[in-house]
Amino acid sequence: MAPTLLIVYHSMTGGTRQMAEAVRDGAAQEGSVAVRLLHAAQAQAADVLGAHALVLATPENLAAMSGQLKDFFDRCYYDVLDQVNGRPYACLVCAGSDGQGAVRQIERIATGWRLRRVAEPLVVCTHAQTREAILAPKHIAPQELARCRALGEALAAGLALGVF
Ligand SMILES: Cc1cc2nc3c(=O)[nH]c(=O)nc-3n(C[C@H](O)[C@H](O)[C@H](O)COP(=O)(O)O)c2cc1C
């Protein structure tokens, strides 16, 4: 059976979604890995248990991960605990200007699940500062999407080769 890479994301104005889709597209180039992209509201504990590697993707809202990604963790945490020890993960954060608060929160939860970080957190800043810019649809720059695609390729290659 092909190893599965699960990407769980939430996005309000589209930036994180574009990043998560780019990871998916990069990973899909490695033909022998099954790639699943799930919105945080749809993702269940069974999806996490069935995945060989995880990507967790969120906007930074109020110096934290988004409420919907937090809800995913709240719903799944204890059904997953102790059953995914050592599985590789990476995180994506789309932020206006920071992103580190969301990274820290995801890393703490990933530590609780005993996941293994296999890539540096990938943070993209959209530099939205005003109310209008923050609420507007986001267009992630091609070079940032290329970083996301490269992460997807690397994760899928690691899974396919069994190096994680
Ligand atoms: C309610 C709210 C709070 C935010 N708080 C932060 C913040 O604490 N730090 C930051 O860097 N960006 C912050 N932002 C900006 C978003 O992270 C940024 O617009 C990002 O592109 C959102 O990702 P998305 O397009 O996937 O929704 C905030 C945006 C909103 C709507």
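The values are calculated or read from the model by the stated rules, or taken from the named source; none is laboratory data. For clarity, every value in this text was computed on a predicted model and none was experimentally measured. Please note: Cβ atoms are built from the backbone with ideal geometry, for glycine as well, and neighbour counts cover all protein chains shown.
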Looking only at residues that are out of contact with any Lys or Arg (no Cβ under 9 Å at 6 or more places or on another chain) and not aliphatic (A, V, I, L, M) in region 18-57, which one is nearest to Phe72 (Cα to Cα)? Gln42
Counting just the residues of region 12-41 that are closer than 26 Å to Leu135 by Cβ and β-branched (Val, Ile, Thr), which one comes out surrounded by the fewest Cβ atoms within 10 Å (Cβ to Cβ)? Thr13
Considering only region 83-108, state which residues are surrounded by fewer than 18 Cβ atoms within 10 Å (Cβ to Cβ) and within 13 Å of the chain's Cα centre (by Cα). Glu107
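On the basis of being touching a residue at least 60 places away in the same chain (Cβ under 8 Å) and among the charged types (D, E, K, R), does Glu144 make the cut?
On the way: touching a residue at least 60 places away in the same chain (Cβ under 8 Å): yes; among the charged types (D, E, K, R): yes.
For Glu144, the condition - touching a residue at least 60 places away in the same chain (Cβ under 8 Å) and among the charged types (D, E, K, R) - is met.
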Scan region 28-66 for residues that are among the small types (Gly, Ala, Ser), in contact (Cβ under 8 Å) with a residue 40 or more places away in the chain and touching a strand residue (DSSP E or B) at 6+ places or on another chain (Cβ under 7 Å) and report the count. 6
For region 1-117, which strands (runs of 3 or more DSSP E) that fit wholly inside it have 1 or more residues that are more than 16 Å from the ligand (Cβ to nearest atom), out of contact with any helix residue (DSSP H, G or I) (no Cβ under 9 Å at 6 or more places or on another chain) and at pLDDT 95 or above? 34-39
Can you work out which of the residues in region 118-141 that are within 11 Å of the ligand (Cβ to nearest atom) and assigned to a strand (DSSP E or B) is surrounded by the most Cβ atoms within 10 Å (Cβ to Cβ)? Val124
